[in-house]
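Worksheet for the structure shown next.
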Amino acid sequence: MRKTKLGMACCLLVVAVVAWAQSSRKPGLWEATTTMTFQQSPMPPGMQAPPGSPFSGVPRTTQVCVTQAMIDKYGGPLPQNRGQCQVSKVNMTPTGMSATLTCSGQASGTGTVETTFNDTALVHTKVHFTGTMQMGPQSRPVEWTSETTSAYKGPDCGNVQPIVIPSDK
């Protein structure tokens, strides 16, 4: 269950990072605050997510390092999906971006990504996902929405490592 939570959290964060990094074209350190809400929770009835988990509905703040290479090659970081989630059908506009999210593995389904470029240092991203999630031996229906506000902190990432860009095949 912990792997599922971490995988989902990573997927959410990466989708949000892809969206806002494409908009601003500013390499450096960004801080992303994400709140995830469930329209249909994969948790069994009566069971609640532990505090601090991505399923708890409590905002989570993380720092992400965006490199110029990520911006040059992908408009932002490539999703770190470990074969589980892919962003496709990216449509950039002067004021935002939209894309499709497709996941397979422990979380399987599709979603939409919508980003609004507030300015060069502030971006808002909304992801809506519908599918199933493997919970032990059972697959349970799931529907969630995450909202992320990302703020540019500066050109120095400090000790925050960038997401690794895989080489072309």
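The values are calculated or read from the model by the stated rules, or taken from the named source; none is laboratory data. Computed from a predicted structure; not experimentally measured. Neighbour counts run over all protein chains shown; Cβ positions are idealised from the backbone, glycine included.
Remarks
- Extreme residue, farthest from the chain's Cα centre (by Cα), among residues of region 108-146 that are closer than 20 Å to SER56 by Cβ and of a type in the set (D, E, K, R): ARG140
- Residue within region 86-93 that is surrounded by 14 or more Cβ atoms within 10 Å (Cβ to Cβ), without any contact (Cβ under 8 Å) to a residue 60 or more places away in the chain and over 27 Å from VAL58 (Cβ atoms) present: yes
- Subset of region 107-133 [in contact with a helix residue (DSSP H, G or I) (Cβ under 7 Å, 6 or more places away or on another chain) and part of a strand (DSSP E or B)]: ALA107, VAL113, THR115, PHE117, VAL123, THR125, VAL127, MET133
- For region 138-151, residues that are modelled with pLDDT of 85 or more and over 29 Å from PRO45 (Cβ atoms) total 2.
- Test result for THR149, among the hydroxyl-bearing types (Ser, Thr, Tyr), under 16 Å from the mean Cα position of the chain (by Cα), surrounded by 13 or more Cβ atoms within 10 Å (Cβ to Cβ) and under 27 Å from LEU29 (Cα atoms): yes
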